[in-house]
Every structure is written in structure tokens, then in C-alpha cells.
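Heads up: the structure comes next, in C-alpha cells.
The values are calculated or read from the model by the stated rules, or taken from the named source; none is laboratory data. From a predicted model like this one, the values you see are computed outputs, not experimental measurements. Positions of Cβ are generated from backbone atoms using ideal geometry, with glycine treated the same way; all protein chains shown enter the neighbour counts.
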Amino acid sequence: MFALDREVFGIIFMAAHRNAFWNVVAVFFAEYLPYLLVLAFLVLAYYEKGWRRKVYLFCEGAFAVVIARGIVTEFFHYFFLEPRPFLYYGIAPLFNETSPSFPSGHAAWFFALAMTVWYANRRWGWWFFALAIAMGWARVYAGVHWPSDIIGGAAIGILAAAGVHWAFAENRKELAGGAAPGQTSPAVL
């Protein structure tokens, strides 16, 4: 697997440092796009109908991100001290990172967010997935991640969001109109 990782990384990184425009685009996608995705998520949550749905979407996204990035990714970083590609090859990355490489915390974070958004709004979700993929590619292009780091982080994020979505299923039923006897009707949302 590591040989394939090196090959794919070499193909992608080969283009880096040759064109200033693409380097700037890659740095934007790798470093600054995450802020825009968080802002877009907050906008989506704000425009949900009813305050309970707003809070629900925000909480589902926050739990998914905390589990993916804050717990699972940190567990892997603690036990697997995978060096980043720029350290392995002794090359200059487009920007510097210091934590272990596998899995990508950015990928875990933003694929968890993308999956949460996809559950709430398919159209926005597809955009979030596309931008999370672009961000992952940019981080490989910049020399700070192996392709397997991005794939591993994406898997962690998607699974964490799916798990949180499954765990919150009962709450979703209540929001959709299936309130349990003796509880407030969701029509009040």
C-alpha cells in the first residue's frame, strides 16, 4: 500500500512548485476553504425551518466532527506516528504541518461535515463532498499528506457522521412529526 501511496503522491506533487497560480489555488483549498465550509454549514443550519431543527442540525454536525476529528483521528495520531510526505522525502511543502500524517484531521473533519449536510440537504451535501475532495487533493498537492491519509480521514468522517445520524434517529422522528405520546407535537417547531 505504501508503494502505491508514494506513486500517487509523486504524480500529484510533481506539478507543485512549477506554477505559482496553482500553488496559490492549492494553498487556498487546503488552508482557507475549511473556514468557508464551516461558515456555509452555519448558514445552512441558520436557514433550517424552526429553532429545533436549527439546533438539531448544528448538534449533529458538531458531534460528528468531535468524534471524527477530536477522538478517532487523535487516537490514530497517538499510536501511528506516520511521517508527512515532505519529511519523508525532505522536500519543501507549500505550507507546514506538524502533527502525524495518518489520518488527515482535515479530511475527517470536513467529510464528517459533508455527510451531515448531505443527510440534511442533498444538493448542499454534494457540494460539500466535492469541496472536501478538492481540499484533500490540495493537501496532497501541497506535500503535507499521502493519498491514504485523505482516504482514511474521509472514511473516519463519513462513518462518524453516519453513526451520529443513526444515533439521533429517534430525535429526527420527533422533529418530523412522530412525537411520542405525552411529548410536545413537532408542529410547534
Here are some conditions: (1) closer than 20 Å to ASP5 by Cα; (2) surrounded by fewer than 16 Cβ atoms within 10 Å (Cβ to Cβ). TRP166 meets all but one. Which one does it not meet? (1)
For the stretch 88-98, check the following and say yes or no: at least one residue is of a type in the set (A, V, I, L, M, F, W, C) and assigned to a helix (DSSP H, G or I). no
Got a sec? Which of ALA16, ALA26, ALA30 is touching a residue at least 40 places away in the same chain (Cβ under 8 Å), in contact with a helix residue (DSSP H, G or I) (Cβ under 6 Å, 6 or more places away or on another chain) and outside any helix (DSSP H, G or I)? ALA16
Residues that are within 26 Å of SER148 (Cα to Cα) and under 23 Å from the mean Cα position of the chain (by Cα): does the stretch 47-61 have at least one? yes
Out of the residues in the stretch 1-13 that are among the aliphatic types (A, V, I, L, M) and assigned to a helix (DSSP H, G or I), state the one that is surrounded by the fewest Cβ atoms within 10 Å (Cβ to Cβ). ALA3
Scan the stretch 1-32 residue by residue and report those that are of a type in the set (Val, Ile, Thr) and more than 23 Å from the chain's Cα centre (by Cα). ILE11
Go through the stretch 47-58 and count every residue that is without any contact (Cβ under 8 Å) to a residue 40 or more places away in the chain and in a helix (DSSP H, G or I). 3
Scan the stretch 64-123 residue by residue and report those that are surrounded by fewer than 19 Cβ atoms within 10 Å (Cβ to Cβ), of a type outside the set (Gly, Ala, Ser), closer than 22 Å to HIS17 by Cα and without any contact (Cβ under 8 Å) to a residue 60 or more places away in the chain. PRO83, LEU87, TYR88, TYR89, ASN96, THR98
Would you call GLY163 in contact with a His (Cβ under 9 Å, 6 or more places away or on another chain) and either within 17 Å of LEU33 (Cβ to Cβ) or modelled with pLDDT of 85 or more (or both)? no
Any residue at all in the stretch 106-121 that is in contact with a Gly (Cβ under 8 Å, 6 or more places away or on another chain) and more than 18 Å from ALA62 (Cα to Cα)? no
Looking at the stretch 69-116 only, could you name the residues that are over 15 Å from the mean Cα position of the chain (by Cα) and farther than 24 Å from MET14 by Cβ? PHE75, PHE76, HIS77, TYR78, PHE79, PHE80, LEU81, THR98, SER99, PRO100
